[in-house]
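Just so you know, all these numbers are worked out from the coordinates, no wet-lab data involved. Keep in mind that what you see is a predicted model, and the values were worked out from it rather than measured. Cβ atoms come from the backbone with ideal geometry, glycine included; neighbour counts cover every protein chain shown.
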Amino acid sequence: MTTGDISQRDGAKTPDVVVRRATQADFPDLKRILSETFASTWQPEITAAAAQRYLETDVGGRFVEERGLDFLVATVDGEVAGLVYWQDDFIDALHVSTRHQRLGIGRKLMKEAEKAIQTAGQTQVRLETDSFNQQSQGFYRALGYKETGRYPDLEWESDLTTVAFEKKF
């Protein structure tokens with residue numbers, strides 16, 4: 001789909017990123033990325049019982065098995081480094097592997113998702129994050145998203161607050 005230089009890290013040029021549709025062969029990497037981002041982002045913020053339920057029911061693995069072929073993935077030197085998934089005008093998932101964060105991969109994935117959503121005739125993009133995740137809130141604001149509301153996050157049963165965002169085309 002798209003390629004391009006992504007950034008510089010410690011003065012060294014990083015490799016090109018390719019954004020493309022996911023394949024079945026990507027599933028192990030997609031599951032790994034979801035596992036990494038769960039462990040680094042949500043697990044520290046939710047109750048032990050909620051984390052145990054997530055792991056025991058393999059939420060991330062089932063998500064990949066059910067929807068993985070609908071994901072866009074970003075690769076770096078052939079390695080899957082991130083994913084984005086949406087339905088209609090709602091971006092349901094954006095994840096970048098921990099070792100590939102802050103290289104512009106999330107921005108590239110969001111750009112491609114927004115383009116596809118707009119091409120499908122939608123007039124806006126919506127998404128959610130959690131209030132503890134200041135990094136993601138700043139990221140979405142930098143991409144032009146506006147906060148539209150806050151409400152209890154019932155998914156994790158951990159007294160979190162969901163922050164809703166939207167961007168009009």
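The lysine pair tally for the chain, using Cα distances under 21 Å and a gap of 8 or more places or different chains, is 13.
Extents of region 26-90, largest first, come to 35, 29, 19 Å (Cα atoms, principal axes, whole angstrom). Projected label points at residue 69 and residue 102, each 7 Å from Cα along the beta carbon direction, are separated by 3.8 nanometres. Using a Gaussian network model on the chain with a 10 Å cutoff between Cα atoms, which of 69, 143, 127 fluctuates the most? Ranking 69, 143, 127 by mean-square fluctuation puts 143 first.
Let me see the pair-distance distribution of the chain: every alpha carbon pair, 10 Å bin width, integer percents in order. Answer for the chain: a P(r) of 10, 37, 40, 14, 1 percent.
As a length-normalised measure over Cα pairs under 8 Å and 6 or more apart, the relative contact order of region 2-122 settles at 28 percent. Computed over region 51-169, relative contact order equals 18 percent, with contacts defined as Cα pairs under 8 Å that lie 6+ residues apart. Using R₀ = 41 Å, calculate the FRET efficiency as 1/(1 + (r/R₀)^6) where r is the Cβ-Cβ separation of residue 39 and residue 123; round to 0.05. The value I calculate is 0.65.
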